[in-house]
Each structure stands twice: as structure tokens, then as C-alpha cells.
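Data first, discussion second: the structure below is written as C-alpha cells.
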Amino acid sequence: MFKIIVFIKQVPDTSSKAGVNPDGTIDRARAKRMLNPFDRYALQKAIEIKRAYGAEVTCVTMGPPPAVEVLVEAFEHGADYGVLLTDKRIAASDTLATAYALHKVIHHLGEFDIILTGLQTTDGDTAQVGPQIAERLNIAQITYCEALSISGKKLSARRVVEGGHQELEVSMPVLITVANSATPLDYKRFADVAAVKEFLRQPQERERRIKTVSLDIIGADGTRTGLVGSPTVVGKTWKLGEIGGSCTLFQGESPEREVEELIGKLRADGKGVEELVNV
Amino acid sequence: MSNPNNVVVVAEQLQGDLQQITQELLGAARGLAEKLNTGVSCFLIGHNIMPLAEKLIHYGADEVIVVDDPQLKEYTTLTYRRAVIAILEHLKTPPPIVLMGATTIGRDLAPRIAAHLEVGLTADCTELDIGDYEHKGKADPSKTGTFNNILYAIRPSFGESLKARILGPWKNPQMATTRIGVMQALPVDTTRKGTVHKVPVTFQTDDFRVTVVKTVRDVSATVNLTGAKVIVSGGFGLGSADGFAVVRDLASVFKDSVVGASRRAVDSGWIPYAHQVGQTGKTVRPDIYIALGISGAIQHRVGMAHSKVIIAANKDADAPIFKFAHYGIVGDLYHIAPLLKKELAKMAREQGIKAGA
């Protein structure tokens, strides 16, 4: 049976206005929270491997206490165990400091075969943490993985590159970031929400399934996380001006008239549309 | 010998083809180098790639440092990682700035190099600059101070609603990746001169943990969303996969156009993911973006709101897309799209007659 670790993250739901400060920054305490959409692909890949080859799936997340919600969501989709790394000293970690903390969780957990992550998060958008964890663990990685199959301890994978793909082979252990061109999502297929609700009600079972750990528990050095441990800092932010804004709307007449007026207006505004049309 | 203060670009080639991003990076690096009064070095890694070195000089490099080895014929993370580290170790002092592309290769390789060196890396930058910074933070007194002539790595954040300037002045190299299609390449100058030299690499067994069975280049399957001048996109309002016929037909009236799609259209299986525009798809800035049957949810908006001209057709007058499109038509896209095609073609004909006269 394979041991799979999936790194997941709780992110602010940017489709909701809640928690968006006037200056455009996000008040994470007030914002609606959700599982990073990219992580669903990683989670689905883990569950697919579990069902096809047999695996124990542990989801790991780092964040404030409410982040436990994404672990519960992962259980509903078939994950077996969850780990929450929560500690005041990890706040404001950049990617390098985050990767440091997360690789210490792996050391704490012990042996594994495959680490899966989403391609990137919707709040950080860097796609850096996965490869940085792999570097710290000194293991191989396959990023932008679209499809994979397993034979013994060997894993074959298809990786996206600009204008094509690579077919790769690697021996485990390996870290894989899953592209969102991977299998279309239907990860709710295997959900057993009732069973999860049931075990969450039983303190003993809940404790067996969900581990909450601190930097001290995993033996991490607090000076290498958070602001102190981050080699980068955000110097300044600007709100991007309201985009677009004034839409010239054509409506209420016949489509023919509306289209004609639109074209006339485009030409009058000198938008250079003429240059782009086939003669 | 190389100037230790040169700004570094890591070139990207796939099977001997220099990737567009490299020219863009060299353009950006020259701008930074001029402000720092220094030069540009370019790392070129691969096998039988010496002919590319001259091109890199024409694109703006003063010096090309080559690692050429049969083991580097195909890109793999760990062999290319080793090659970059070999050059950096050869340089003795770390360069001030190292730039790479935010591509499937750059985003694979750059974080490993940064983690190995324990330096900062800023992803997906849309602007780069040089400036000063005073760090007042008291969390770590050893970091406090004023830093001159450091890299400003500027990137959108929080779903492109904010722009952030990221700094990492404490340790060189300051690393950044830049988004495809954003940095300005310089005009190719075939009279530019520069130096080329080779650096050897010694691999370790561990570097070959991943093997490439084959690389498939399928140019026809590629959707050049980030490079096209015009994008015509379809959304859930199309109602079915067949609706994309109307989208393709309208796109065909433009010289350099591709078909885009919203996430809901892709998730519905109407069109492959490669066409997806938005937060979990591609970020685009074409000259014209036409949205057919797309409501304009935030996740789509962040991927296309910086297009120069946005034209939307939707039957719902209250659709969010009319809040940020420049031009909108309220109505049935199945009527509007063919009419648009017809009128655009007519306009081009008239224009042609005028130009010919």
C-alpha cells in the first residue's frame, strides 16, 4: 500500500466580496474561506491512486485553526488522515519559509511514496512551494503532471510543456504537482459525508484522524519561518484602478442595428479594429 | 572574464528551439543592467546548442555562459538544476539578480535553485525595476537597514486586484520569474558583440532519477492564448459544445485570433482546457477580447480584464461582464455573432478599397 501525502491549503474565496478591504487587501479573518481550487485536482489524483493501487492518503495543511475545515472536506472525498500545522510563528511566511515548515511536517510523519500538490494556490499564485519542498527533501519532482500510472515502485507521468508534453519515468519517492488539465473533476464521486460526520462526533476517532501540530512538535526552527525566516518581503502594494468601468451598451433595438452601431462606435473611437480583420 | 555584477538571465530552449520568453527576459535584463551600470550574462544549458549563443547576444546578452552536455539534450529538473548550480559555483560571487521565465520549465526549475541557495524568488512578475528600500521591520533586527539599487519584483496579487512590490535585499541572487508576453524584447541587433564561454558540469547519480521517455511537440494542439492579437471566447451562455462553431466562425474573420473559453464551458466538456481564460486558466491581454455568452464572474475577469478592447454579447443586461467590458450588446449571441462577422468583413473590405484607391 502506498503512502500518499497531499498538501492542501485554505484560501480566501475571491468570488465573495466579504473581507475585501477598501485598499484591495484581504482581511482573512472576515473573508469567506474555501479549499484552494487547484488542490482538488491533487486530492482527486490521490483518491484515484488509492482506488486503483491501494494507498493511505494523508492531507496536510498549514494555517490558522479554521484551516481544519479543508481537512474535513478532504475526508469527505476519501482522505484517511489529516494534519494541521498551526503556529503563530508561521504567519506571513513566504514560499521558502512555507516550504521549510512543510518539509519538517514530512520528516515528522516519516516514510512516504508520493507527495501530491495542486499546481499553485489562488491567493499566492506562485507554484513555488511544491518544488521547494522537493528540494528540501532532496527528492525528484514532476510538475504540471496531467496523467500518471504506477508499476511497482516506478511511476510514469505525462508532464505539460509549452506546445506539447513530456513522458517521464521516475522511481518513488516523488513530489508531483497536478496540472488542472488533468482528469476533469468528479472528486465528489467517492464522498461519504455521513460517515465523516459520524467519526467527527467521536472525540477518540477524531483525534486519531486529525493531528494538530506546532513548530515545536515537528522539530522546526521558528527563526526559519514567518517574517523572520522569509528572504522576501512585500515592500508596497497598490490597488489596481477599477478596470474598464464605462461600458458603452447597445440594446433595445434590432440586433442588426445594434451591431452596426457598435462597429461605427469602434471606428469612431479609433480602436484600430480595422487592422486586425482579414481583408 | 565575466563581470560578477552582471544581471543574469537563464535562457530557455526546448529541443534546440530558443523559447520566446528568453528574448523577453533579455530585454528586461538590459533595462535593469543599464540602471545598475552593468552588463547582462545569459546561461545557456542543453546539448549541441552553441549556435544559439550568438542569437542570445543579438537579443541583448553581453556574455553567454554555456553548459553543453549530452545528458542535457532533454530538459529534466534535476540535470538542469545541476547545470545552473555549476555555473553559479563557477562564478564564485553570486550575481545580484537572476531572471527566469514563468513557464512550465522556469516554474519547475527556479524554485529548486532558490531553495538550494536559500534566497528569495518572486513568481510571475509583470514589471521589474531597480530602487532603494528601507526595512523598518523590528521582528528581526539583523534585517533592519537601508538597501540601495535592489531589485523591485512587481506582480499582481489577490486575483489581480492588487499590485505588490516584492523585495529580497538581504541575500544575492535576488530571483524572479516573469510572465510570458509581458516583458518587452529588444529589436534583434545582429551587429552586437559579446563573449561566449563554456563551463563544465559534473552530474551525480541522483540527478538522473527522472528519465524522459519522449517529448511530444504538438504545435497544432497548442492554443496560443497569450500571443494572439484577438481572442473570441465562449461561455456557458452558448448552451452546448456545438455553440463553439459560432465562436470559431467569428474568430475566423480576424488575422491573428484564437478561441478562448470560460471555466464553466471547459468544465462542461464543451472545449479542451487549453482554451480556458481566467484564474485557473490563462491570463491574457489581447488587443481585442470578444466574450460571447460569458457572465464575467471574477474568476474569468482576472484573466482578461487587461485586454485593450473588450466587447461582450450577453442576453442578460445585468451580467457582471457589462460592468467592465468597453462595449456591450444585450441580446442573443447566436444572432449577434454572425452579424458581427458580416459587418467586420464589410468594414475591412471598405477599408481595403480606400487603401487601394
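The values are calculated or read from the model by the stated rules, or taken from the named source; none is laboratory data. Computed from a predicted model, the values in this text were never measured in an experiment. All Cβ positions, glycine included, derive from the backbone under ideal geometry; neighbour counts span all protein chains shown. Only protein heavy atoms, including side chains, enter the accessible area calculation; ligands, DNA and RNA are left aside. Shrake-Rupley method; radii C 1.70, N 1.55, O 1.52, S 1.80 Å.
Yes/no matrix, rows are residues, columns are (1) assigned by TED's automatic domain parsing to the domain that holds B:Leu91; (2) in contact with a Pro (Cβ under 6 Å, 6 or more places away or on another chain); (3) over 21 Å from B:Tyr289 (Cα atoms):
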residue	(1), (2), (3)
B:Val199	yes, no, yes
B:Asn224	no, no, no
B:Gly235	no, no, no
B:Val246	no, no, no
B:Ala251	no, no, no
B:Ala261	no, no, no
B:Ser268	no, no, yes
B:Tyr273	no, no, no
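If you take the residues in segment B:260-295 that are modelled with pLDDT of 85 or more and among the basic types (Lys, Arg), which one is nearest to B:Ala241 (Cα to Cα)?
B:Lys282
One line per residue, one yes/no per condition, for (1) open to solvent by 80 Å² or more (accessible area, probe 1.4 Å); (2) over 23 Å from B:Gln19 (Cβ atoms):
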position: B:Gln184; (1), (2): yes, no
position: B:Pro200; (1), (2): yes, yes
position: B:Val210; (1), (2): no, no
position: B:Lys214; (1), (2): yes, no
position: B:Val232; (1), (2): no, yes
position: B:Asp256; (1), (2): no, no
position: B:Val259; (1), (2): no, yes
position: B:Arg264; (1), (2): yes, yes
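Yes or no: B:Ile45 more than 19 Å from B:Lys193 (Cβ to Cβ), surrounded by 17 or more Cβ atoms within 10 Å (Cβ to Cβ) and in the same structural domain as B:Arg179 (by TED's automatic domain parsing)? Don't jump to the end; show me each part of the working.
Values: more than 19 Å from B:Lys193 (Cβ to Cβ): yes; surrounded by 17 or more Cβ atoms within 10 Å (Cβ to Cβ): yes; in the same structural domain as B:Arg179 (by TED's automatic domain parsing): yes.
Yes, satisfied.
Residues to consider are B:Thr177, B:Thr226; find the one that is at pLDDT 90 or above, within 11 Å of chain A (Cβ to nearest Cβ) and surrounded by 14 or more Cβ atoms within 10 Å (Cβ to Cβ).
B:Thr177
Just a yes or no: is a residue in segment B:55-75 part of a helix (DSSP H, G or I), over 25 Å from B:Thr211 (Cα atoms), in contact with a Lys or Arg (Cβ under 6 Å, 6 or more places away or on another chain) and not β-branched (Val, Ile, Thr)? Break it down stepwise before answering.
First, pick out the residues of segment B:55-75 that are part of a helix (DSSP H, G or I): B:55-59, B:70-72.
Within this subset, residues satisfying the condition of being over 25 Å from B:Thr211 (Cα atoms) are B:55-59.
Subsequent filtering for residues that are in contact with a Lys or Arg (Cβ under 6 Å, 6 or more places away or on another chain) retains B:57-58.
Filter once more, so that each one left must be not β-branched (Val, Ile, Thr): B:58.
Yes, some residue in segment B:55-75 is part of a helix (DSSP H, G or I), over 25 Å from B:Thr211 (Cα atoms), in contact with a Lys or Arg (Cβ under 6 Å, 6 or more places away or on another chain) and not β-branched (Val, Ile, Thr).
Here is a list of conditions, (1) aliphatic (A, V, I, L, M); (2) open to solvent by 10 Å² or more (accessible area, probe 1.4 Å); (3) under 30 Å from A:Val11 (Cα atoms), and B:Leu151 meets all of them except one; can you say which number that is?
Tallying (1) aliphatic (A, V, I, L, M); (2) open to solvent by 10 Å² or more (accessible area, probe 1.4 Å); (3) under 30 Å from A:Val11 (Cα atoms), B:Leu151 fails exactly one: (2).
Identify, by number, the condition in (1) touching a residue at least 40 places away in the same chain (Cβ under 8 Å); (2) surrounded by fewer than 24 Cβ atoms within 10 Å (Cβ to Cβ) that A:Leu137 doesn't meet.
(1)
From A:Glu167, A:Glu162, grab the single residue that is assigned by TED's automatic domain parsing to the domain that holds A:Ala99 and surrounded by fewer than 18 Cβ atoms within 10 Å (Cβ to Cβ).
Details: A:Glu162 fails: surrounded by fewer than 18 Cβ atoms within 10 Å (Cβ to Cβ).
A:Glu167 is the lone residue from the list that is assigned by TED's automatic domain parsing to the domain that holds A:Ala99 and surrounded by fewer than 18 Cβ atoms within 10 Å (Cβ to Cβ).
Return the pairs, sorted by first residue and then second, in which the second residue is surrounded by 24 or more Cβ atoms within 10 Å (Cβ to Cβ) and among the basic types (Lys, Arg), the first residue lies in segment B:100-117 and is in the same structural domain as B:Thr177 (by TED's automatic domain parsing), the beta carbons are less than 8 Å apart, and the residues are 6+ apart or on different chains.
B:Thr104/A:Arg159
Here are some conditions: (1) open to solvent by 30 Å² or more (accessible area, probe 1.4 Å); (2) assigned to a helix (DSSP H, G or I). B:Asn3 meets all but one. Which one does it not meet?
(2)
With the requirement that a residue be in a loop (DSSP other than H, G, I, E, B), out of contact with any Gly (no Cβ under 7 Å at 6 or more places or on another chain) and crowded, with 18+ Cβ neighbours inside 10 Å, what does segment A:58-93 give you? Reasoning before the result, please.
Applying the first criterion (in a loop (DSSP other than H, G, I, E, B)) to segment A:58-93 yields A:63-64, A:77-80, A:86-87, A:91-93.
When the remaining residues are screened for being out of contact with any Gly (no Cβ under 7 Å at 6 or more places or on another chain), the result is A:63-64, A:77-80, A:87.
Once the filter is applied, which keeps residues that are in a loop (DSSP other than H, G, I, E, B), out of contact with any Gly (no Cβ under 7 Å at 6 or more places or on another chain) and crowded, with 18+ Cβ neighbours inside 10 Å, segment A:58-93 yields A:Gly63, A:His77, A:Gly78, A:Ala79, A:Asp87.
Scan segment B:312-349 for residues that are of a type in the set (Ser, Thr, Tyr) and without any contact (Cβ under 8 Å) to a residue 40 or more places away in the chain and jot them down. Show your work before the answer.
Narrowing segment B:312-349 to residues of a type in the set (Ser, Thr, Tyr): B:327, B:334.
Listed by number, the list holds a single entry, B:Tyr327.
Can you tell me which of (1) closer than 29 Å to A:Glu253 by Cα; (2) hydrophobic (A, V, I, L, M, F, W, C); (3) surrounded by fewer than 23 Cβ atoms within 10 Å (Cβ to Cβ) is the one B:Ala313 doesn't meet?
(3)
Is it true that A:Thr61 is modelled with pLDDT of 95 or more and among the β-branched types (Val, Ile, Thr)?
Yes, satisfied.
Select from segment A:109-138 the residues that are outside any strand (DSSP E or B) and among the hydroxyl-bearing types (Ser, Thr, Tyr) and write down the one among them that is nearest to B:Tyr80 (Cα to Cα).
Of segment A:109-138, the ones outside any strand (DSSP E or B) are A:109-113, A:119-138.
Remaining after also requiring among the hydroxyl-bearing types (Ser, Thr, Tyr): A:121-122, A:126.
Values: A:Thr121: 25, A:Thr122: 28, A:Thr126: 20 Å.
Ranking the candidates gives A:Thr126 first.
Just name the residue that is farthest from A:Lys271 (Cα to Cα) out of those in segment B:333-344 that are open to solvent by 20 Å² or more (accessible area, probe 1.4 Å) and within 7 Å of chain A (Cβ to nearest Cβ).
Restricting attention to segment B:333-344, the residues satisfying the condition of being open to solvent by 20 Å² or more (accessible area, probe 1.4 Å) are B:334-335, B:338-339, B:341-343.
If we keep only those that are within 7 Å of chain A (Cβ to nearest Cβ) as well, we get B:335, B:339, B:343.
Details: B:His335: 24, B:Leu339: 19, B:Glu343: 16 Å.
The selected residue is B:His335.
Can you name every one of the helices (runs of 4 or more DSSP H) wholly within segment A:217-279 that holds 1 or more residues which are touching a His at 6+ places or on another chain (Cβ under 8 Å) and not assigned by TED's automatic domain parsing to the domain that holds A:His108? Step through it out loud before you land on a result.
Working: elements: A:226-229, A:255-268, A:273-276.
Result: A:255-268.
Does B:Asp108 satisfy the criteria of being out of contact with any Pro (no Cβ under 6 Å at 6 or more places or on another chain), assigned to a strand (DSSP E or B), among the charged types (D, E, K, R) and modelled with pLDDT of 95 or more? Spell out how you get there, then give the answer.
Details: out of contact with any Pro (no Cβ under 6 Å at 6 or more places or on another chain): yes; assigned to a strand (DSSP E or B): no; among the charged types (D, E, K, R): yes; modelled with pLDDT of 95 or more: yes.
When the stated conditions are applied, B:Asp108 does not pass them.
Which residue is nearest to A:Glu146 (Cα to Cα), if the candidates are limited to segment A:159-201 and must be at pLDDT 85 or above and of a type in the set (Asp, Glu)?
Only one residue tops the list, namely A:Glu167.
Out of curiosity, is B:Pro173 without any contact (Cβ under 8 Å) to a residue 60 or more places away in the chain and not basic (Lys, Arg)? Step through it out loud before you land on a result.
Values: without any contact (Cβ under 8 Å) to a residue 60 or more places away in the chain: no; not basic (Lys, Arg): yes.
So B:Pro173 fails the test.
Just checking, which of A:Glu146, A:Glu135, A:Glu73, A:Glu111 is within 8 Å of chain B (Cβ to nearest Cβ) and of a type in the set (Asp, Glu)?
Working: A:Glu146 fails: within 8 Å of chain B (Cβ to nearest Cβ); A:Glu73 fails: within 8 Å of chain B (Cβ to nearest Cβ); A:Glu111 fails: within 8 Å of chain B (Cβ to nearest Cβ).
Matching residue, one of A:Glu146, A:Glu135, A:Glu73, A:Glu111: A:Glu135.
Could you please let me know if B:Pro51 is open to solvent by 40 Å² or more (accessible area, probe 1.4 Å) and either in a helix (DSSP H, G or I) or basic (Lys, Arg) (or both)? Even if it seems obvious, please write down each step before you answer.
On the way: open to solvent by 40 Å² or more (accessible area, probe 1.4 Å): yes; either in a helix (DSSP H, G or I) or basic (Lys, Arg) (or both): yes.
Judged against the criteria, B:Pro51 is a match.
With the structure loaded, tell me whether A:Lys236 is within 8 Å of chain B (Cβ to nearest Cβ) and open to solvent by 50 Å² or more (accessible area, probe 1.4 Å) or whether it fails that test. Step through it out loud before you land on a result.
Working: within 8 Å of chain B (Cβ to nearest Cβ): yes; open to solvent by 50 Å² or more (accessible area, probe 1.4 Å): yes.
Yes, satisfied.
I need every pair where a residue in segment B:245-256 that is within 14 Å of B:Ala228 (Cβ to Cβ) has its Cβ under 8 Å from the Cβ of a residue that is part of a loop (DSSP other than H, G, I, E, B) and modelled with pLDDT under 95, sequence separation at least 6 or different chains.
Close Cβ pairs satisfying both conditions: B:Ser252/A:Asn278; B:Val253/A:Asn278; B:Phe254/A:Asn278; B:Phe254/B:Lys229; B:Lys255/A:Asn278; B:Lys255/B:Lys229; B:Asp256/B:Ala228; B:Asp256/B:Lys229.
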